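To keep things clear, I will list the structure first and then write my remarks on it.
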């Protein structure tokens with residue numbers, strides 16, 4: 001199981017401190033939520049700030065673009081050293097083209113699904129994906145409550161992946177803590193994105209250790 005703490009829940013006045021903590025931690029990736037105020041009602045990290053933060057990040061960058069026309073930013077995220085770039089199914093008219101552009105830029109490609117979007121919409125493109133991100137909250141804000149129906153989506157997606165003998169990873173984001181993380185891993189998830197559960201805990205390093213030790 002991989003763990004990707006979300007910087008969206010970090011202390012924005014001391015991002016350098018929280019990034020250094022993650023660099024020392026057992027976390028596998030660092031999750032960057034990028035919002036444009038159009039696709040979602042919030043605005044998060046801008047490109048100049050990400051450019052500076054990326055110089056300090058020592059974990060693979062897991063970037064989640066909650067923006068319209070994400071294909072326009074593929075070169076910038078390549079230059080940031082992004083490991084995996086995830087775009088939203090709902091934001092891409094020509095999804096296959098965008099996925100190919102991400103791969104041609106040297107990054108792994110992921111697709112995120114909003115809570116209302118069924119996993120079956122990915123049937124024809126699933127073999128081309130390195131990762132599918134299941135949103136277990138509505139995107140745009142941190143600290144929301146977990147949507148239980150996401151468990152069924154993860155289980156259905158896991159079956160699709162196994163039926164086609166694929167290596168696509170399933171990532172889940174939204175309301176993830178020790179309890180919901182356990183349920184998601186049991187349903188078939190490979191990667192957990194945790195925000196408040198990590199950064200709002202008294203001891204983030206110990207919380208990361210506990211989440212990493214979730215067993216099925």
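The values are calculated or read from the model by the stated rules, or taken from the named source; none is laboratory data. Bear in mind that the values here come from a model prediction, so they are computed numbers and not experimental data. Don't worry about glycine lacking a Cβ; one is built from the backbone with ideal geometry, like all the others, and counts go over all protein chains shown.
Set side by side, the residues 137, 68, 98, 119 differ, and just one is in contact with a strand residue (DSSP E or B) (Cβ under 7 Å, 6 or more places away or on another chain) and closer than 22 Å to residue 176 by Cα, which is 119.
Filtering region 200-216 down to residues that are assigned to a helix (DSSP H, G or I) and in contact with a helix residue (DSSP H, G or I) (Cβ under 9 Å, 6 or more places away or on another chain), which residue is surrounded by the fewest Cβ atoms within 10 Å (Cβ to Cβ)? Only one residue fits best here, namely 205. Among the residues of region 37-60, those that are out of contact with any helix residue (DSSP H, G or I) (no Cβ under 9 Å at 6 or more places or on another chain), more than 16 Å from residue 82 (Cα to Cα) and free of Cβ contacts under 8 Å to residues at least 40 places away in the same chain comprise 37, 38, 43. Against the test of being under 16 Å from the mean Cα position of the chain (by Cα) and either closer than 18 Å to residue 170 by Cβ or modelled with pLDDT of 95 or more (or both), the options 95, 8, 3 yield a single qualifying residue, 3. Touching a helix residue (DSSP H, G or I) at 6+ places or on another chain (Cβ under 6 Å), in contact (Cβ under 8 Å) with a residue 24 or more places away in the chain and within 23 Å of residue 84 (Cβ to Cβ): is that true of residue 150 in this structure? Judged against the criteria, residue 150 is not a match. Report yes if some residue within region 80-91 is surrounded by fewer than 16 Cβ atoms within 10 Å (Cβ to Cβ) and out of contact with any strand residue (DSSP E or B) (no Cβ under 8 Å at 6 or more places or on another chain); otherwise report no. There is no residue in region 80-91 that is surrounded by fewer than 16 Cβ atoms within 10 Å (Cβ to Cβ) and out of contact with any strand residue (DSSP E or B) (no Cβ under 8 Å at 6 or more places or on another chain).
The rows are residues; the columns are (1) in a strand (DSSP E or B); (2) surrounded by 19 or more Cβ atoms within 10 Å (Cβ to Cβ); (3) touching a helix residue (DSSP H, G or I) at 6+ places or on another chain (Cβ under 7 Å).
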{"site": "157", "(1), (2), (3)": "no, yes, yes"}
{"site": "167", "(1), (2), (3)": "no, no, no"}
{"site": "171", "(1), (2), (3)": "yes, yes, no"}
{"site": "175", "(1), (2), (3)": "no, yes, no"}
{"site": "179", "(1), (2), (3)": "no, no, no"}
{"site": "182", "(1), (2), (3)": "no, no, no"}
{"site": "186", "(1), (2), (3)": "no, no, no"}
{"site": "189", "(1), (2), (3)": "no, yes, yes"}
{"site": "198", "(1), (2), (3)": "no, yes, yes"}
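For residue 113, are the conditions met, namely being touching a residue at least 40 places away in the same chain (Cβ under 8 Å) and at negative phi? For residue 113, the condition - touching a residue at least 40 places away in the same chain (Cβ under 8 Å) and at negative phi - is met. The residue of region 129-154 that is modelled with the highest pLDDT, among those that are assigned to a helix (DSSP H, G or I) and surrounded by fewer than 17 Cβ atoms within 10 Å (Cβ to Cβ), is 152.
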